[in-house]
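What follows is a set of notes on a single structure, which appears directly below.
All of the numbers you see were taken from the coordinates with simple rules; none came from a lab. Quick caveat: nothing in here was measured; it's all calculated off a predicted structure. Positions of Cβ are backbone-derived with ideal geometry, glycine not excepted, and every protein chain shown enters the neighbour counts.
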Amino acid sequence: MKINIVTIIGARPQIIKAAALSRAIRTGFHDQIEEIIVHTGQHYDENMSEVFFNEMEIPRPSYNLNVGSASHGVQTAKMIVGIEEILLKEKPDYIVLYGDTNSTLAGAVAASKLHVPIAHIEAGLRSFNKSMPEEINRILCDHCSTLLFSPTKTGFDNLVNEGFNEHAVSPHSNDNPKIYHCGDVMYDNSLYFSKIAESKSNILSDNQLISNSFILSTIHRDNNTDQPKRLNSIFRALVEIASLSKQQIVLPIHPRTAKMLPQILDKQLFDTVQSSNEIIFIPPASFLDMILLEKNASMVITDSGGVQKEAYFFEKPCIILRSETEWREIVDVGAAILVNADNEKIVDAWKSFQYMDSINFIPIFGDGKASEFICGELVANAG
């Protein structure tokens, strides 16, 4: 007998993560799991969402709530209403939630009120910075969940420290949850799509990029893009690093960043960035394009949690434009440096990596089969 799961996605990273589970269902659990995909519409445009369904062969959503952009309260409330209606109609065995967005929070609230068991993928991650909306979302989701799948040992330990019983026995519920250290579904994806990207993506040739001769940078978090002091500091550092390294810095430009640059960057700096041959802006990259960029960059400079990890998957040093990270392990092994938005620290981090002999990229994100493990546990614990 098949179990039914409702998968909630709403932001670009969740679409990509869901591809790993959908692929595992299609290739190994099609006779045991029926998946219903719900897109909340939290982020939805052709470049940021639709292209991922096409190139990653993700099943089309059965529902799209089309909530669009709004304040946290309005957006989350609309999603709760829509998800609740779907859960009442579909009566799933599990709702599967990813990460820490408002879609995650809305799914957790709606499901917990209706007593639908929650499986949280990427459980246990903590920045220990509750000023970040994502931190609140992930904590609340974890504490509503029945099955919690942590990608790292640190995440698992965080759950234990918060009172979760690592030896909980079946039957499981949100009062008796089961926690796992299972590896990262994004590592599954990176391994699977890496070879596909080599044959399908033209991002390097289209931009005349040579392997290991450019630096990849992504900037999208609102505390970086919307604060003049921080954004100016970051771009001053990028200009200096481009000059020192004699390498181009390639920036797939997030819509928010593109909007804010002319508004809050100092005019002289903005003119320098715009006229520079070393800082190259390109449109938002598809997942396959990003994989190829990450795989061929000499270094990554980012404020994205996902890109931090992917840099590690492809053994690239990473400069993190935040004061903290949920992926503490990559900092602890010396593969990444936290610099916040400090101009001098960003440049110093680049210099540190130039003088570093080697980085030990130890396997901390699993064996590339986290999705299959998660599917097996969903089936084993259903009912």
Counting other C-beta atoms within 10 Å, which of 327, 350 has the fewest, and how do the rest follow? 350, 327
Cut-off under 5 Å, modelled amide H: who pairs with residue 218 long-range: 301, 302, 303
For residue 282 and residue 361, what does the FRET efficiency come to when R0 = 25 Å and r is the distance between their Cβ atoms, rounded to the nearest 0.05? 0.40
Return the subset of 267/309; 153/195; 229/345; 195/309; 229/295; 200/369 for which the Cα-Cα distance in this structure is over 22 Å, preserving the input order. 267/309; 153/195; 229/295; 200/369
Modelling each spin label as a point 7 Å along the Cα-to-Cβ direction, I'd like the residue 243/residue 162 distance in nm, to one decimal. 4.5 nm
Listed residues 227, 42, 14, most fluctuating in the chain (Gaussian network, C-alpha, under 10 Å): 227
Excluding residue 272 itself, calculate the net charge of residues whose Cβ lies under 14 Å from the Cβ of residue 272, where each Lys or Arg counts +1 and each Asp or Glu counts -1. -2
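I'd like to compare 339-345, 103-109, 59-65: which one has the highest average count of other Cβ atoms within 10 Å, and what's the full order after that?
Details: 339-345: 18.1, 103-109: 27.3, 59-65: 16.6.
Listed from highest to lowest mean packing, they are 103-109, 339-345, 59-65.
Could you tell me the calculated FRET efficiency between residue 298 and residue 136, based on Cβ-Cβ distance and R0 = 35 angstrom, to the nearest 0.05? Walk me through the intermediate numbers first.
Details: r = 36 Å, r/R0 = 1.03.
Step by step, r from the Cβ atoms, then E = 0.45.
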Just from its helices, what would the mean residue ellipticity at 222 nm be for the chain, if runs of 4 or more DSSP H residues each count -39500 (n - 2.57) and the sum is divided by every residue, rounded to the nearest 500 deg cm²/dmol? -14500 deg cm²/dmol
Output the relative contact order of the chain, whole-number percent, from Cα pairs under 8 angstrom with separation of 6+ residues. 16 percent
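For a footprinting-style exposure proxy, rank 78, 316 by other Cβ within 10 Å, fewest first.
Values: 78 20, 316 24.
By the 10 Å Cβ count, ascending: 78, 316.
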Order these by the 10 Å Cβ neighbour count, fewest first: 79, 186. 186, 79
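Within a Cβ distance under 11 Å of residue 365, other residues only, what is the Lys/Arg minus Asp/Glu net charge? List each step's numbers first, then the result.
Numbers: positive: 153, 309; negative: 184, 188, 310, 329, 367.
Net local charge, residue 365 excluded: -3.
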Add +1 for every Lys or Arg and -1 for every Asp or Glu among the other residues with Cβ under 9 Å from the Cβ of residue 135, and state the total. 0
Considering only C-alpha atoms, what is the centroid distance from segment 138-203 to segment 215-271, in Å? 32 Å
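Placing unit charges on C-beta atoms (Lys and Arg positive, Asp and Glu negative, everything else neutral), compute the dipole magnitude of the chain about its Cα centre in debye, rounded to 20.
Working: 33 positive and 47 negative charges, 84 e Å.
My answer is approximately 400 debye.
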Would you mind checking the tilt of helix 343-355 against the longest principal axis of the Cα atoms of the chain, expressed as 0 to 90 degrees and rounded to 10? 90 degrees
If you plug each phi of segment 67-75 into the Karplus form 6.51 cos²θ - 1.76 cosθ + 1.60 with θ = phi - 60°, what whole-Hz ³J(HN,Hα) values come out, in order, with x for Gly and Pro? 6, x, 7, 5, 4, 3, x, 5, 4
Can you give me the Cα centroid spacing of segment 96-127 and segment 286-338 in angstrom? 25 Å
Once you place label points 7 Å from the Cα toward the Cβ at residue 175 and residue 272, how far apart are they in nm? 6.2 nm
Using a basic spin-label model with each label point 7 Å from the Cα along Cα→Cβ, how many nm lie between residue 344 and residue 256? 2.9 nm
Taking 0.36 nm per residue of separation between residue 380 and residue 66 and subtracting their Cα-Cα distance, the length gained on full extension comes to 109.7 nm
